[in-house]
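The values are calculated or read from the model by the stated rules, or taken from the named source; none is laboratory data. Everything numeric here is computed off the predicted structure, so don't read it as measured data. In this analysis, Cβ positions are derived from the backbone assuming ideal geometry, glycine residues included, and neighbour counts consider all displayed protein chains.
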């Protein structure tokens, strides 16, 4: 039934009308109401880059479906939105376009908000926040000062990337092959003072709660958090040495300390590696030009553990030796580019036989490899690394003198005791987690509220002077932080002594902004308090939704920030997010070819024609324009740079927001990747047209309401069999859809809607001999379909709900009660059983649902299909599988 109705579906009319109605009634404004169950559904706030992308559409539609469904179930639901508005991209855009970051940011916010509203999202815009607004970042500054008072915030020197031409600090992502991204100048490592937050004080609690108290989080996210916090129990011990500085003093008191979780392998140490900044490395480099050059080279590029993990492991010998604490052997010291001074003691013991990284390093530089752990049944070889070389569970120590034959824990305990007896070591717990450095030498961020006075040192800005307001008219020109050139911002009197002083020009890491915005949504206009009664009512967030790329730092910092606010008496929750959903990426096909100059040119999917193999798999493509061949690169994340993105606005303009929403929900479960499919989008639009056409064609039947005062159960008891069958199918699908809503499996919810429409279209209500029963059942079924479909497609369902008269019966669709499954409708009067003769399917037999074994057997033997295939042979046995089949053996 795809015939277009004269009153055809037109989303360009339907959607603006629905949105105008919602705006006029302020339908999505939410207030605290303790008479209702609260539910806080929050999506990660977007960076105002200029346009929504399909990942945004998917994320926010998931949230919207959740919020609308719960509201129909009687919950008081909060779904807010804001803007993660500070950050480096705005400065880069300002540099390129010669406009202040503020102007670029606010223009983008306005456009993206308009796009969100066009999607029909049930957002309470009265709670909107922008992190670049002084009314928001005032509280960043206020809490920073509270942390400073408590000793959670502190100042120390930090290593940064310095561009000597631009005279500015660069983010790690701005360093490309050791050079500044803009100037191309070799980047230097410099130590400058900055502010840190003691997240390590909370390491134990952060780890314990992610391990044991967040069952609503995906297992892989909890594991990522656990690994990042990185609790390690091992042994810290020292290699003695007699290496002295130029003044004759022992360097580090003659002890090179390392930490290891594998003390059982200590007899396999064949070298030690130290960080380029380590005192022993610096001492050795003073008389070794090649080593000094290597150390300088190590200073280029990234400074984080993640970045160093991607670099090739390189090293240089120092010519220095330290003494093995148990054997007395001399152990060579190397400088390794993979050793971080900021982790542990800036040195590691090298056990190539049982550590994959050390094995590769030793093979590269010809260092000894000494096996000290064996596994029964395995043969060790230095030719290539094998996973079992690092096996703690099965390993037994060998070639280790008096420690031979011990298992991992026994060996660690014995060796730790021996090192302790020598005064050279002890068991220790270490953490991978490091304190959070929040100082950024950039303009577009929250000003750090500190004033530097020559007399008094760093002085906190008095609370009554907050916020320290960032000037909005600065235009970065690539020559350092523009705040350093703003006398009206920079020069100020010292709050303590009144003498001339200068403001801090560093701004806060933008992770600060996103660490508590979800709490500010609860009290967005409170000028007197960071959070108040709203946070007490709404927190914690019941469902948090966002990308897996934020699974570590953002979530970790938000958890830490929440605990600090708790300890300062601002909130009562321990954890900010009860449940977490990390939605999958949106993927599309990638097409490209090499240019004459060796570059890569990308093509839009609509510009190409695919070539397939005999299995229907894409093996190549050609340009539609001239038929020239191009390369097919498979599917990948949508990206402007690869010409494989889809502009949501184009989709909304062409098909309407409901089609876009329906497709991104139907194409894949929320947590899995979604592969873009133009045919799927068109299919989603066709389905909505069918829903619309069915409603228009059957308005007369839909308008007939069940008589008041009579129970549906009693009325339908006398209904014709096909009406009962229709209701049974509708309520079965409702039952499944309700279950899938609870699981947030929205792809199968959409599937249930499609099956509901198919069921309706397969029932001829207009020609039915019993018009009243047919109309009543269709009225009920369409009412169920519209409510089940509504969270995905709110505009179309809103229009039809009003047109078809359901508002008078149930009230506005926003708050219409969720339909209940009629258990009586699910009861079958008759059931159909498969009929087998000698194990082969030969037909079917219909029997009363209450039929006993004898009645089923009699019906089967009397059926025409049995008579035909039995060919008069006597019955030997009848096997009945209840509810499924009858097998007659002849």
Here are some residues: 131, 157. Which one is surrounded by fewer than 22 Cβ atoms within 10 Å (Cβ to Cβ) and touching a residue at least 12 places away in the same chain (Cβ under 8 Å)? 157
Check the range 192-199 and report whether any residue there is more than 30 Å from residue 312 (Cβ to Cβ), modelled with pLDDT of 95 or more and in a loop (DSSP other than H, G, I, E, B). yes
Which condition from (1) crowded, with 23+ Cβ neighbours inside 10 Å; (2) over 30 Å from residue 203 (Cα atoms); (3) assigned by TED's automatic domain parsing to the domain that holds residue 47 is the one that residue 163 breaks? (3)
The one condition residue 48 fails out of (1) modelled with pLDDT of 95 or more; (2) under 19 Å from residue 521 (Cα atoms); (3) surrounded by 21 or more Cβ atoms within 10 Å (Cβ to Cβ) is (1)
The range 831-869 - residue that is surrounded by 14 or more Cβ atoms within 10 Å (Cβ to Cβ) and at pLDDT below 90 and, of those, farthest from residue 725 (Cα to Cα): 851
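Provide a single number: the residues in the range 725-780 that are under 30 Å from residue 579 (Cβ atoms) and either part of a helix (DSSP H, G or I) or not assigned by TED's automatic domain parsing to the domain that holds residue 707 (or both).
Quick first cut of the range 725-780, residues under 30 Å from residue 579 (Cβ atoms) only: 731-756.
So of that shortlist, the ones also either part of a helix (DSSP H, G or I) or not assigned by TED's automatic domain parsing to the domain that holds residue 707 (or both) come out as 731-743, 746-756.
The qualifying residues number 24.
Looking only at the range 187-208, count how many residues are surrounded by 17 or more Cβ atoms within 10 Å (Cβ to Cβ) and either under 22 Å from residue 337 (Cα atoms) or touching a residue at least 60 places away in the same chain (Cβ under 8 Å) (or both). It would help to see each step written out before you state the result.
Initially, the range 187-208 is screened for residues surrounded by 17 or more Cβ atoms within 10 Å (Cβ to Cβ), giving 187, 194-199, 201-203, 206-207.
Within this subset, residues satisfying the condition of being either under 22 Å from residue 337 (Cα atoms) or touching a residue at least 60 places away in the same chain (Cβ under 8 Å) (or both) are 187, 194-199, 202-203, 206.
So the count comes out to 10.
Mind counting the residues in the range 33-53 that are part of a loop (DSSP other than H, G, I, E, B) and either closer than 30 Å to residue 510 by Cα or without any contact (Cβ under 8 Å) to a residue 24 or more places away in the chain (or both)? Let's see the steps before the verdict.
Within the range 33-53, the subset part of a loop (DSSP other than H, G, I, E, B) is 33-37, 44-53.
Within this subset, residues satisfying the condition of being either closer than 30 Å to residue 510 by Cα or without any contact (Cβ under 8 Å) to a residue 24 or more places away in the chain (or both) are 35, 44-53.
So the count comes out to 11.
Of 620, 683, 599, which residue is without any contact (Cβ under 8 Å) to a residue 24 or more places away in the chain and either closer than 23 Å to residue 795 by Cα or assigned by TED's automatic domain parsing to the domain that holds residue 808 (or both)?
Working: 620 fails: either closer than 23 Å to residue 795 by Cα or assigned by TED's automatic domain parsing to the domain that holds residue 808 (or both); 599 fails: either closer than 23 Å to residue 795 by Cα or assigned by TED's automatic domain parsing to the domain that holds residue 808 (or both).
Sole residue among the options that is without any contact (Cβ under 8 Å) to a residue 24 or more places away in the chain and either closer than 23 Å to residue 795 by Cα or assigned by TED's automatic domain parsing to the domain that holds residue 808 (or both): 683.
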Looking at the structure I just gave you, is residue 553 surrounded by fewer than 21 Cβ atoms within 10 Å (Cβ to Cβ), over 20 Å from residue 60 (Cα atoms) and within 18 Å of the chain's Cα centre (by Cα)? yes
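Can you tell me how many residues within the range 372-384 are surrounded by fewer than 17 Cβ atoms within 10 Å (Cβ to Cβ) and either out of contact with any strand residue (DSSP E or B) (no Cβ under 9 Å at 6 or more places or on another chain) or touching a residue at least 60 places away in the same chain (Cβ under 8 Å) (or both)?
7
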Among the numbered conditions (1) surrounded by fewer than 16 Cβ atoms within 10 Å (Cβ to Cβ); (2) closer than 25 Å to residue 668 by Cα, tell me where residue 620 comes up short. (2)
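If we only count strands (runs of 3 or more DSSP E) wholly inside the range 399-471, which ones have 1 or more residues that are in contact (Cβ under 8 Å) with a residue 40 or more places away in the chain, assigned by TED's automatic domain parsing to the domain that holds residue 388 and touching a helix residue (DSSP H, G or I) at 6+ places or on another chain (Cβ under 9 Å)? Give the steps one after another, and end with the answer.
Working: elements: 425-431, 450-453, 457-460.
Passing ranges, in order: 425-431.
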Might you check whether a residue that is crowded, with 22+ Cβ neighbours inside 10 Å, at pLDDT 95 or above and more than 32 Å from the chain's Cα centre (by Cα) occurs anywhere in the range 209-224? no
Here the residues within the range 808-830 that are part of a loop (DSSP other than H, G, I, E, B) and at negative phi are 812, 816, 817, 818, 819, 820, 821, 822, 827, 828, 829
